[in-house]
Amino acid sequence: MDSDKNNVSLLDLQHNRIHQLQDKQFIGFQSLEGLFLQNNELHSIAPGAFTGLAELRKLFLSHNRIHSLAPRLFQDLCHLEWLMLDNNQITELPPDAFLGLKSLYFLTTDIASPGPLCLSRLAGS
């Protein structure tokens, strides 16, 4: 079964009432390029939840109950291009929330910000 995980490129977990993501939740999914977690009840994401997803290109976390993001939460996602965070309850971001996202070019969020988000600064480039 574990060898089958490596062949998965898209994982659609929408509308599953998922409440939390644990450390190394997706370990073994090395080929995963798209992870769809929108419309769940996510309120907690462990700091290492996305460890091992180096090939991930699209991450959809919209329409959940996420209050905060751990520092460096996305640091292993160096190929991530799309990050959807809108329609959550996030009120602020740690300065290094997007550290390591060197390929990110599309971000949706409804977080109130005193100014525009500068992705190159946030990604640590």
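Taking the Cβ of Ser68 as the centre, find all other residues whose Cβ is under 15 Å away and add up their charges (Lys, Arg: +1; Asp, Glu: -1). Before the final figure, lay out the partial values.
On the way: positive: Arg65, Arg72; negative: Glu92, Asp96, Asp110.
For residues surrounding Ser68, the net value is -1.
Just to check I understand the Karplus step: with θ = phi - 60° and J = 6.51 cos²θ - 1.76 cosθ + 1.60, what whole-Hz values come out for the stretch 55-68, glycine and proline as x?
Ordered by residue, 3J(HN,Hα) equals 8, 4, 10, 9, 10, 10, 10, 5, 6, 10, 10, 5, 9, 8 Hz.
Leaving out ligands, DNA and RNA, and with a 1.4 Å probe, what % of the accessible surface on the chain is carbon or sulfur? Can you show the working numbers first?
Values: 3410 of 6850 Å².
Here carbon and sulfur together make up 50 percent of the probe-accessible area.
Using the Cα gyration tensor of the stretch 38-92, with a ≥ b ≥ c the square roots of its eigenvalues, what is the shape: rounded (a/c below 1.5), prolate (a/b larger than b/c) or oblate (neither)? Walk me through the intermediate numbers first.
Numbers: a/c = 1.96, a/b = 1.47, b/c = 1.33.
Taking the square roots of the gyration eigenvalues as a ≥ b ≥ c, the stretch 38-92 is prolate.
Fully extended, how many nm does the chain gain between Thr108 and Ala70 (0.36 nm per residue separation, minus their Cα-Cα distance)? Don't jump to the answer; show the numbers that get you there.
Values: separation 38, 0.36 × 38 = 13.68 nm, distance 1.76 nm.
Length gained, Thr108 through Ala70: 11.9 nm.
Going by the alpha-carbon gyration tensor, a ≥ b ≥ c the square roots of its eigenvalues, is the chain rounded (a/c under 1.5) or, if a/c is not under 1.5, prolate (a/b greater than b/c) versus oblate? Don't skip to the answer; put the middle values down first.
Working: a/c = 1.86, a/b = 1.31, b/c = 1.41.
It comes out oblate by the Cα gyration axes.
Please give the per residue accessible area of the chain, computed with a probe of 1.4 Å over protein heavy atoms only, in Å². Before the final figure, lay out the partial values.
Numbers: 6850 Å² over 125 residues.
Ligands and nucleic acids excluded, the result is 55 Å² per residue.
With θ set to phi - 60° and the Karplus curve 6.51 cos²θ - 1.76 cosθ + 1.60, what are the ³J(HN,Hα) couplings of the stretch 43-52 in order, to the nearest whole Hz, using x for Gly and Pro?
10, 9, 10, 5, x, x, 4, 9, 4, x
The values are calculated or read from the model by the stated rules, or taken from the named source; none is laboratory data. The structure displayed is predicted, hence computed values, not measured ones. Methodologically, a virtual Cβ is constructed for each residue, glycine included, from the backbone with ideal geometry; neighbour enumeration extends over all protein chains shown. To get the accessible areas, we keep the full protein, side chains included, count just its heavy atoms, and leave off ligands, DNA and RNA. Shrake-Rupley method; radii C 1.70, N 1.55, O 1.52, S 1.80 Å.
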